[in-house]
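The values are calculated or read from the model by the stated rules, or taken from the named source; none is laboratory data. Fair warning: this is a prediction, and the values are worked out from it, not measured in the lab. Quick reminder, even Gly has a Cβ in these numbers, built from the backbone with ideal geometry, and neighbours come from all protein chains shown.
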Amino acid sequence: MKIDIHVHTRKVKSGDAPTRNIEKDRFVEILNDTEVNILAITNHNHFDIKQYGEFRDGVESHCQIWPGIELDVFENEKRSHLIVICNPKNYQDFDKAVSEILYKKNPDTFTISLKETVEKFDKLDCIYIAHYFVKKPNLGDKEIETLIELVSNPKRILKEATNSISAGIYISHGHNSIYGSDVQNWDDYLVQSQDLPELRLPVESFEQFCLLLEKDEATISTILDKKSKESIELFPFKSDPFEKIELDIYSDINVLFGSKGTGKTDILESLSKYYNSKGHKTSVYKSNDNHLNVVFDIKGNSFSCNVSDFELEECVEDIKFIKEVTEEKVTTLNKYELHFSFQETNKISQKLKIKNITQEDEAQSERILEEISEILDSFKNFHEYTNENPNIPKYVDPELITELGVLLEKILIQLKDGTEQNLIENKSIILLNGIITCFNNEIAKKTNQPPKPTKTGFLEYSRNRIKIEKASKKIIKIINQPLNAIEEYAGSLGEKGELICKTNLIFQNGSFSNGDYSPVRNVFKTPQKEFANVIDSISKHIHSNELFSKITELNDIENIGTIGSLSDLLLKYKHFTLNGRIYNPSNGESSMILLHKELADDKDIYLIDEPEKSLGNDYINDVIVPLIKEKALLAKKVIIATHDANIAVRTLPYNSIYRLQEEGKGYTLTGNPFTNSLNCIYSSRPSLDWKEISMKTLEGGKEAFGERGKIYGN
Amino acid sequence: METKKATIKREESHTYLVLDVGDNPIQITLTDDNPNNVKSAFNLILKELKKGLFEFALEDENLDLYNNICVEYLNQLNSEIKSIHAELEEYELTDKE
């Protein structure tokens, strides 16, 4: 929620830029794209009630428009600018008052005294914002004193700074300060609006804003109560197990601060136990507990993956086959000689021509039968699926389902016929071969003639080699494929770039050598390499008599039993990369990334102990604080124990829990920056000033207050 | 389909079936029980089959025992060669030009 208390919508004075002019439609369009929820129209010596009404109605769903004016004040012989913003309820009276003071006056030359200004506007419930110091033309301290004396409520006077830094400086010196866009060119407003002050509390009205200026506790409580909170009772302290504390934990930022040894970590641990007992899964994030290398398992000790993760085959059966395969027998020609050299004298034998029939190949017809059977099974399953799934008619036209049914029936009949035919063919071949063998053997027994060989052996011999060739080539093809590295986002190193944890994977293909790589599985590197080399050699000896000596070589590899699939040939190398180059993050960078990772994880409850450890201010300010604020906007519970003012102050926590040890006794005080007080939860000691304690206790407290002006709420 | 020549080489000590495959003809001894000799021949036939299907035709005029043996042997071998060539094609293991 952003606020802009200084906006021009018209070129009024001759010195005004014409780019200050803006029409309603464009104004609405621009405002829709910004986070500005409160905007005061403050033209130079001018108020246009019609335009005010149009603009207000145009953006009423998401932005309050307050009526105002930037007056040329003439006081103590000095000209300066004073913004007067009026309660929108009184906009008509405001218009009247403006018309009266400007009657027959030229805005270029118009001036008004502070006295007259207050007389005209104070009764209309206004806020005064004076150009101050470097914001020219400015009111001096003397003129501001005069204004304070004149107005009914001095808390309604703010000093306008030029930017967040100067506003912060004024605030740290006790001046109520704010700044606005003072828009010169509406083309730049989208960008400009990003630097406008942010309202940490969701202000719903002009009145509420005014009460916030007065640090009205009831108003602040009302606003704070809109955020859900939970009252939790804890016995967190190891040093005093009986000390009970009651804390309100907001679905927002809750900061735990106090000197070292006051039990902040105990509170976080205890909160974690409490939330876990309620079914949440929380743990306290402790900076420096771990190094990034351990969290990302950079040594890869627990890394595991399978080649199937890359949609590649494991080749388990192929490897098993190659390891176990034996040579097929062949028929030598002298077996034929033995048969044919025997004089066939038996008359019956001579008549039995069946023994002369050549045997047919069974394997081929078996393959065809298997193929068609598989197709038939798949169609059967699909047919059953279309018949039995009750949900199909919900999404598919019943007519189409019927049509499909008819078609499937036809296909099934065709496939069944084909299967039957192939089955008959296959069985016929088996029977035929069986009969030929049987007759040959029986004739041989009766006649003493050696049986006629039924096959040369070429079929089985070659089929075996084809299978070896197929398996070895398949393995070689896969292990020579590159694998995509697995990349995991580690986190941001700010301006340096994004840190990526990269796991490089490669197959040992027999020629790969790189000491950085280690096997993914529990396998030694030597058998990996030797296995790949021998498989390659096998594939080159398919048509050689040495093939089976290569297979023996494979089985002789030491620890060959550890290689049973292609996953066993995988090698990995994990490392971090920054901008594409290998990078070793330092301890500080490790802390940065881990904290960023913790906050980037989507959780409901974040328990963080001293996130600032090992981190630079820039990283805390630029990366961590915005992340924490984002969690607050999403109504997450963020509970941070910290010594760092950047976190404890700049996030403007809804809840500050201060732990204090005094004379051996522990006290818990709670409060917030808006009321600027810290009250003891048991009222057993006086309240403390939030700002004073924060500045005293927190590291970098003064600087944080000095630069805090961008967030308006104190 | 290509037809390759097969002949019978009759010598005093041994008789061979000579298959005209590849650059050098293969000799299979008919009169010896030597599986390695047959395997070497099969290796060459298998390698040659990758180039395309062929069959052996016996060119021999003698109607003796060896002729009988070789006719029968080649008859069986040609049938098996055909089956293996079909498998080579199916598994895409043939030499593509």
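If I go through the stretch A:634-672 residue by residue, how many of them are more than 9 Å from residue A:256 (Cα to Cα), modelled with pLDDT of 90 or more and touching a helix residue (DSSP H, G or I) at 6+ places or on another chain (Cβ under 6 Å)?
So the answer is 1.
Looking at A:255, A:295, A:307, A:284, which is the one that is at pLDDT below 90 and of a type in the set (A, V, I, L, M, F, W, C)?
Details: A:255 fails: at pLDDT below 90; A:307 fails: at pLDDT below 90; A:284 fails: at pLDDT below 90.
One residue alone meets the criteria, A:295.
Only residues that are touching a Leu at 6+ places or on another chain (Cβ under 7 Å), within 23 Å of residue A:328 (Cβ to Cβ) and either assigned to a helix (DSSP H, G or I) or free of Cβ contacts under 8 Å to residues at least 40 places away in the same chain (or both): list them for the stretch B:54-81, please. Outline the logic, then answer.
Here is the first cut: in the stretch B:54-81, the residues touching a Leu at 6+ places or on another chain (Cβ under 7 Å) are B:56, B:58, B:66, B:69-71, B:73-74, B:80-81.
With the extra rule that they be within 23 Å of residue A:328 (Cβ to Cβ), the set shrinks to B:56, B:69-70, B:73-74, B:80-81.
Within the stretch B:54-81, B:69, B:70, B:73, B:74, B:80, B:81 meet the criteria.
I need a count of the residues in the stretch A:333-362 that are part of a helix (DSSP H, G or I), in contact with a Leu (Cβ under 9 Å, 6 or more places away or on another chain) and of a type in the set (D, E, K, R).
1
Given the conditions (1) at pLDDT 95 or above; (2) surrounded by fewer than 14 Cβ atoms within 10 Å (Cβ to Cβ), which single one is not true for residue A:60?
The number of the failed condition is (1).
How many residues does the stretch B:1-49 contain that are under 16 Å from residue B:78 (Cβ atoms) and aromatic (Phe, Trp, Tyr)?
Number of matching residues: 1.
Cβ-Cβ distance below 6 Å, separation of 6 or more or different chains: which pairs start in the stretch A:647-668 with a residue that is in the same structural domain as residue A:695 (by TED's automatic domain parsing) and in contact (Cβ under 8 Å) with a residue 12 or more places away in the chain and end on one that is assigned to a loop (DSSP other than H, G, I, E, B) and among the hydroxyl-bearing types (Ser, Thr, Tyr)?
The qualifying pairs are A:648/A:642; A:659/A:262; A:661/A:262.
Got at least one residue in the stretch A:545-557 being in contact with a Ser or Thr (Cβ under 7 Å, 6 or more places away or on another chain), in a strand (DSSP E or B), farther than 20 Å from residue A:290 by Cβ and not charged (D, E, K, R)? Give the derivation first.
Taking the stretch A:545-557 as the starting set, the residues that turn out to be in contact with a Ser or Thr (Cβ under 7 Å, 6 or more places away or on another chain) are A:545, A:550.
The next check asks that each one be in a strand (DSSP E or B); those that pass are none.
So far as the stretch A:545-557 goes, no, none of its residues is in contact with a Ser or Thr (Cβ under 7 Å, 6 or more places away or on another chain), in a strand (DSSP E or B), farther than 20 Å from residue A:290 by Cβ and not charged (D, E, K, R).
Take the residues of the stretch B:1-53 that are in a strand (DSSP E or B), at the interface with chain A (Cβ under 9 Å from one of its Cβ atoms) and polar (S, T, N, Q): which is nearest to residue B:68 (Cα to Cα)?
B:15
Within the stretch A:262-319, work out how many residues are over 27 Å from the mean Cα position of the chain (by Cα) and within 14 Å of residue A:565 (Cα to Cα).
Of the residues in the stretch A:262-319, 8 are over 27 Å from the mean Cα position of the chain (by Cα) and within 14 Å of residue A:565 (Cα to Cα).
Does any residue of the stretch A:520-529 turn out to be free of Cβ contacts under 8 Å to residues at least 40 places away in the same chain, more than 30 Å from residue A:623 (Cβ to Cβ) and within 14 Å of chain B (Cβ to nearest Cβ)?
So far as the stretch A:520-529 goes, no, none of its residues is free of Cβ contacts under 8 Å to residues at least 40 places away in the same chain, more than 30 Å from residue A:623 (Cβ to Cβ) and within 14 Å of chain B (Cβ to nearest Cβ).
Sort through A:76, A:32 and tell me the only one that's touching a residue at least 40 places away in the same chain (Cβ under 8 Å) and in the same structural domain as residue A:93 (by TED's automatic domain parsing). If you could, list the steps in order and put the result at the bottom.
On the way: A:32 fails: touching a residue at least 40 places away in the same chain (Cβ under 8 Å).
Answer to the selection: A:76.
As an exercise: evaluate residue A:330 against (1) out of contact with any Gly (no Cβ under 6 Å at 6 or more places or on another chain); (2) not in a helix (DSSP H, G or I) and give the number of the one condition it does not meet.
(1)
For the stretch A:434-450, what are the residues that are away from every other protein chain (no Cβ under 14 Å) and assigned to a helix (DSSP H, G or I)? Step through it out loud before you land on a result.
At the first step, the residues of the stretch A:434-450 found to be away from every other protein chain (no Cβ under 14 Å) are A:434-435, A:438-439, A:441-448.
Residues satisfying the conditions are A:434, A:435, A:438, A:439, A:441, A:442, A:443, A:444, A:445, A:446, A:447.
Scan the stretch A:389-411 and report the pairs whose first residue is in a loop (DSSP other than H, G, I, E, B) and at pLDDT below 90 and whose second residue is among the hydroxyl-bearing types (Ser, Thr, Tyr) and loosely packed, with under 10 Cβ neighbours inside 10 Å, with Cβ atoms within less than 9 Å and a gap of 6+ or a chain change.
none
Go through (1) assigned to a helix (DSSP H, G or I); (2) free of Cβ contacts under 8 Å to residues at least 24 places away in the same chain one by one and return the number of the condition residue A:602 breaks.
Exception for residue A:602: condition (1).
Residue-wise test of (1) among the acidic types (Asp, Glu); (2) surrounded by 14 or more Cβ atoms within 10 Å (Cβ to Cβ); (3) assigned to a helix (DSSP H, G or I); (4) at pLDDT below 90.
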{"position": "A:364", "(1), (2), (3), (4)": "no, yes, yes, yes"}
{"position": "A:419", "(1), (2), (3), (4)": "no, yes, yes, no"}
{"position": "A:428", "(1), (2), (3), (4)": "no, no, yes, no"}
{"position": "A:432", "(1), (2), (3), (4)": "no, yes, yes, no"}
{"position": "A:452", "(1), (2), (3), (4)": "no, yes, no, yes"}
{"position": "A:463", "(1), (2), (3), (4)": "no, yes, yes, no"}
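Looking at the stretch B:55-77, which of its residues are closer than 16 Å to residue B:3 by Cα and surrounded by fewer than 19 Cβ atoms within 10 Å (Cβ to Cβ)?
B:55, B:57, B:58, B:59, B:60, B:71, B:75
Which number in (1) more than 8 Å from chain A (Cβ to nearest Cβ); (2) surrounded by 20 or more Cβ atoms within 10 Å (Cβ to Cβ); (3) assigned to a helix (DSSP H, G or I) marks the one condition that residue B:84 misses?
Here residue B:84 clears every test but (1).
Got a sec? Which of A:50, A:104 is out of contact with any Lys or Arg (no Cβ under 9 Å at 6 or more places or on another chain) and assigned to a loop (DSSP other than H, G, I, E, B)?
Of the residues listed, the single one that is out of contact with any Lys or Arg (no Cβ under 9 Å at 6 or more places or on another chain) and assigned to a loop (DSSP other than H, G, I, E, B) is A:104.
Taking only pairs six or more apart or across chains, which ones have beta-carbon atoms under 6 Å, a first residue in the stretch A:318-343 that is within 27 Å of residue A:541 (Cβ to Cβ) and more than 9 Å from chain B (Cβ to nearest Cβ), and a second residue that is polar (S, T, N, Q) and surrounded by 15 or more Cβ atoms within 10 Å (Cβ to Cβ)?
A:328/A:464
Could you grab me the full set of residues in the stretch A:260-294 that are more than 20 Å from residue A:644 (Cβ to Cβ) and among the basic types (Lys, Arg)?
If the condition is that a residue be more than 20 Å from residue A:644 (Cβ to Cβ) and among the basic types (Lys, Arg), then A:273, A:278, A:281 are the ones that fit.
Within the stretch A:508-522, count every residue that is loosely packed, with under 10 Cβ neighbours inside 10 Å and among the acidic types (Asp, Glu).
Selection size over the stretch A:508-522: 0.
Do any strands (runs of 3 or more DSSP E) entirely within the stretch A:226-308 hold 3 or more residues that are closer than 19 Å to residue A:636 by Cβ and touching a Phe, Trp or Tyr at 6+ places or on another chain (Cβ under 9 Å), and if so, which? Outline the logic, then answer.
Details: elements: A:229-234, A:245-250, A:253-258, A:284-286.
Where strands (runs of 3 or more DSSP E) fall fully within the stretch A:226-308 and carry at least 3 residues being closer than 19 Å to residue A:636 by Cβ and touching a Phe, Trp or Tyr at 6+ places or on another chain (Cβ under 9 Å), they are A:229-234, A:253-258.
What number of residues within the stretch B:54-81 satisfy the criterion of being more than 7 Å from chain A (Cβ to nearest Cβ) and more than 11 Å from the chain's Cα centre (by Cα)?
So the count comes out to 9.
Taking only the stretch A:539-565 into account, find how many residues are at negative phi and more than 14 Å from chain B (Cβ to nearest Cβ). Outline the logic, then answer.
Here is the first cut: in the stretch A:539-565, the ones at negative phi are A:539-558, A:560-565.
In the following step, the residues that additionally are more than 14 Å from chain B (Cβ to nearest Cβ) were identified as A:551-558, A:560-565.
Going through the stretch A:539-565 one residue at a time, the tally reaches 14.
Looking at the stretch A:458-478, which of its residues are in contact with a Leu (Cβ under 6 Å, 6 or more places away or on another chain) and away from chain B (no Cβ under 11 Å)?
The answer is A:478, and nothing else.
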